[in-house]
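See structure below.
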Amino acid sequence: MDTDGTVRLHVGSVDISGVHSSMVLIVAETLGIDPETVEIVQGTTDSGPFAPASGGSQVTISLSGAVLGASQQVREQLLDLAASHFEAHRDDIELAEGQARVRGVAGQGVTLGQLAQRGQRLAGGPGPVVAEGRAAIKGGAPGFTAQLVRVRVDPDTGHVTPLEAVCIQDVGYALNPLLVEGQMHGGAAQGLSMGLYEGQHFESGTLTNPNFLEYVFPSASDLPPLDAVIVERPSENGPFGARIVGEPPITAGAAAIANAIRDAAGVRVTSLPATPEQVWRLMQERG
């Protein structure tokens, strides 16, 4: 906690999907401050604290417990400083809107930055408001997903057009609902892409699409409108009940596509991607 009220959160993780925004919200919620006053300081492997690798749906699950622990320690230090400042019992102190105040005493408050300054300048005082948190995962906090896809199959060409998709996922607790929804959208889009477009093609043992010029990726216009439905059933092991989010929405899209093709055209696709040629041949075999 700096004397201007800024909270600097030092982490060793690399943010590749916006997960650090959840850490900011944890600090802000614990200390009763505006998230805008929380600054992430991302250290290097030499200067940063220990953190999980940025992948495998584990950054939020692993890191948030440590962030919460450090935030709670800072909160305790601020309550002690406020109790001394107001000459009141610490149980009567509340932290809200970036200030500390005595409950029931309107119009009297001191900013958290001023408390931090008091801690540093008070002769024989506690010193700077600083804390370190650590945590280890107690156990798995798996996520669960179900997806619905509606498609149109051209009977003459076998071309499959995705028309609508819905991703429903139990995230345990959405620390940052906007980020969670974005990860669900991204994962579901990737699953649909694997079901309809992406694939390695070989001819006589040679890969014919080895780079991004030949490898097929869908554009935004190739994917259907996608709704994300967040379900919150807290996990016993995840921080605040949170579950993993990033990977589960990738898993169901291709299977949902295959089932939708079965329902629309009466043929069962058993290999990916479901290309127009494959679907057309299956329809011809069915007669």
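The values are calculated or read from the model by the stated rules, or taken from the named source; none is laboratory data. What you are looking at is a predicted structure, and each value in this text was computed from that prediction instead of being measured. Using ideal geometry, Cβ is built from the backbone for each residue, glycine included, and neighbour counts are taken over all protein chains shown. Keep in mind that these areas ignore ligands, DNA and RNA; they rest on the heavy atoms of the full protein, side chains included. Shrake-Rupley method; radii C 1.70, N 1.55, O 1.52, S 1.80 Å.
Once the piece of chain linking ALA146 and ALA220 is laid out straight, how much longer is it, given 0.36 nm per residue of separation minus the C-alpha distance between them? Could you put the intermediate results ahead of the total?
Details: separation 74, 0.36 × 74 = 26.64 nm, distance 2.21 nm.
That pair, ALA146 and ALA220, stretches by 24.4 nm at full extension.
What part of the accessible area of the stretch 194-238, given as a whole %, is carbon or sulfur when the probe is 1.4 angstrom?
Values: 1710 of 3260 Å².
Its accessible area is 52 percent carbon and sulfur atoms.
Ignoring ligands and nucleic acids, what accessible area does GLU247 show with a 1.4 Å probe (Å², nearest 10)?
GLU247 exposes around 90 Å² with every protein chain in place.
Kirkwood Rh, the chain, all Cα pairs: how many Å? Don't skip to the answer; put the middle values down first.
Working: mean 1/r = 0.0449 Å⁻¹.
Roughly 22.3 Å, rounded to one decimal.
With the full set of protein chains in place, find how many percent of the accessible area of the stretch 1-109 is carbon and sulfur; take the probe as 1.4 Å.
Details: 2680 of 5580 Å².
Carbon and sulfur together cover 48 percent of it.
Provide the gained length on full extension for the span GLU97 to ILE137, in nm with one decimal, where the gain is 0.36 nm per separating residue minus the Cα-Cα distance. Let's see the in-between values first.
Values: separation 40, 0.36 × 40 = 14.40 nm, distance 3.15 nm.
This chain segment gains 11.2 nm when fully extended.
Treating the beta-carbon of each Lys and Arg as +1 and of each Asp and Glu as -1, no other charges, what is the dipole magnitude of the stretch 159-287 about its Cα centre, to the nearest 20 debye? Numbers along the way, then the final one.
On the way: 6 positive and 14 negative charges, 57 e Å.
Using only the charged Cβ atoms, the result is roughly 280 debye.
How high is the relative contact order of the chain? Use alpha-carbon pairs under 8 Å, at least six apart in sequence, and give a whole percent. Each step should come with its number before you reach the end.
Values: 549 pairs, mean separation 55.5, N = 287.
So the answer I get is 19 percent.
Taking a probe of 1.4 Å, how large is the accessible area per residue of the stretch 154-287, in Å²?
On the way: 7290 Å² over 134 residues.
It amounts to 54 Å² per residue over the stretch 154-287.
Suppose we look only past 19 Å in the calculated P(r) of the stretch 209-282. What percent of the Cα-Cα pairs does that tail hold? All intermediate terms of the calculation are to be shown ahead of the outcome.
Working: 1558 of 2701 pairs.
Looking at the stretch 209-282, the distances longer than 19 Å represent 58 percent of pairs.
Got a sec? Charge dipole of the stretch 189-252, +1 on Cβ for Lys and Arg, -1 for Asp and Glu; which of GLY238, ALA189, LEU223 is way out at the positive end?
Farthest towards the positive pole: GLY238.
Rounded to the nearest whole Å³, what is the per residue volume of the convex hull around the Cα atoms of the stretch 1-44?
For the stretch 1-44, the hull spanned by Cα atoms encloses 64 Å³ per residue.
Which order do ASP15, ASP4 take when ranked by solvent-accessible area (1.4 Å probe, heavy atoms of all protein chains), largest first?
Values: ASP15 55, ASP4 105 Å².
From most accessible down to least: ASP4, ASP15.
Charges at C-beta only: +1 for Lys and Arg, -1 for Asp and Glu. How large is the resulting dipole of the stretch 1-157 about its Cα centre, in Debye rounded to 20?
Values: 11 positive and 18 negative charges, 61 e Å.
Dipole magnitude for the stretch 1-157 comes out near 300 debye.
Using the Cα gyration tensor of the stretch 134-216, with a ≥ b ≥ c the square roots of its eigenvalues, what is the shape: rounded (a/c below 1.5), prolate (a/b larger than b/c) or oblate (neither)? Write down the numbers at each step before the final one.
Details: a/c = 3.02, a/b = 1.60, b/c = 1.89.
Oblate shape, in that a/c is at least 1.5 and b/c is the bigger or equal ratio.
Whole number please: convex hull volume per residue of the Cα set in the stretch 1-114, in Å³?
Numbers: hull volume 11.4 nm³, N = 114.
With only Cα atoms used, the stretch 1-114 gives 100 Å³ per residue.
Ordering ARG8, ARG101, ARG286 from largest to smallest accessible area (1.4 angstrom probe), what's the sequence?
Working: ARG8 100, ARG101 55, ARG286 140 Å².
Highest to lowest solvent-accessible surface, that is ARG286, ARG8, ARG101.
Given points 7 Å out from each Cα along the Cα-Cβ axis, report the GLU203 to SER47 separation in nanometres with one decimal.
So the label points at GLU203 and SER47 sit 5.3 nm apart.
Rounded to the nearest 20 Debye, what is the dipole magnitude of the chain about its Cα centre when Lys and Arg each give +1 and Asp and Glu each give -1 at the C-beta? Kindly include the intermediate steps, with their values, before the conclusion.
Values: 17 positive and 32 negative charges, 102 e Å.
The calculated dipole for the chain is roughly 500 debye.
Once ligands and nucleic acids are excluded and a 1.4 Å probe is used, how much of ASP2 is accessible, expressed in Å² to the nearest 10?
50
Provide, for q = 0.11 Å⁻¹, the log10 of I(q)/I(0) from a solvent-free Debye sum over equal Cα point scatterers in the stretch 164-273.
Log-scaled intensity ratios, in q order: -0.45.
I need the GluC sites (Glu not before Pro) found in the stretch 120-182, filtered to DSSP loop residues with at most 12 other beta carbons within 10 Å of theirs. List each step's numbers first, then the result.
Values: sites: GLU132, GLU164, GLU181; in loops: GLU132.
Within the stretch 120-182, the qualifying GluC sites (Glu not before Pro) (loop, at most 12 other Cβ atoms within 10 Å) are GLU132.
In Å², what does the accessible area per residue of the stretch 1-106 work out to with a 1.4 Å probe?
On the way: 5350 Å² over 106 residues.
Here the per-residue accessible area is 50 Å².
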